[in-house]
């Protein structure tokens, strides 16, 4: 059972989470390919993940993840960003989110802690699928 309270908190703080992850994407050495992308592009993509978290983790079908993140892989290939930088960016986005959940201080009971752990599990699964489909989209573009 995923905590609606935690998901709502993440979605409500999407701007704050986005600002932090975009700052890191623009300066982290493992995402150097992103340093030349427009701030608005980085913001749009990160904000979409955080603001629509409930869609992705609760209702996001495999085909939706495949379509959205396959497109991301193709787009990043066209922009000349190395696949390792793309994967690193997705991992940073996930890590920022999971760190926020861990430090939110909303786990006041055993049930809250269980719901937090469940949310962390499904977020991890979502990002695993997102990384896979991004890599597939990237590789398909590279093969052409």
TODO: Estimate the FRET efficiency between residue 43 and residue 118 by the formula 1/(1 + (r/R0)^6), using the beta-carbon distance for r and 30 Å for R0, to the nearest 0.05.
DONE: 0.55
TODO: Take 86, 136, 7 and order them by how many other Cβ atoms sit within 10 Å, fewest up front.
DONE: 136, 7, 86
- [ ] Give the shape of segment 19-79 as rounded, prolate or oblate, defined through the alpha-carbon gyration tensor: a ≥ b ≥ c are the square roots of its eigenvalues, a/c under 1.5 means rounded, and otherwise the shape is prolate if a/b is larger than b/c and oblate if not.
- [x] oblate
Open item on the list: Order these by the 10 Å Cβ neighbour count, fewest first: 100, 114, 50.
Closed with: 114, 100, 50
Open item on the list: Neighbour counts of other C-beta atoms within 10 Å: give me 18, 103, 134 arranged from fewest to most.
Closed with: 103, 18, 134
Task: Nitroxide proxy distance, nm - points 7 Å out along Cα→Cβ at residue 132 and residue 144 - done: 2.3 nm
Open item on the list: If a paramagnetic tag sat 7 Å from the Cα of residue 52 along the Cα-Cβ line, which residues of segment 116-136 would have the backbone N under 17 Å from that point?
Closed with: 123, 126-131, 133-134
Open item on the list: What is the angle, in °, between the Cα long axis of helix 110-143 and the longest principal axis of the Cα atoms in the chain? Nearest 10 is fine, range 0 to 90.
Closed with: 10 degrees
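FYI, it's all coordinate maths here, none of it is from the lab. Computed from a predicted structure; not experimentally measured. Glycine gets a Cβ as well: all are built from the backbone with ideal geometry, and neighbour counts include every protein chain shown.
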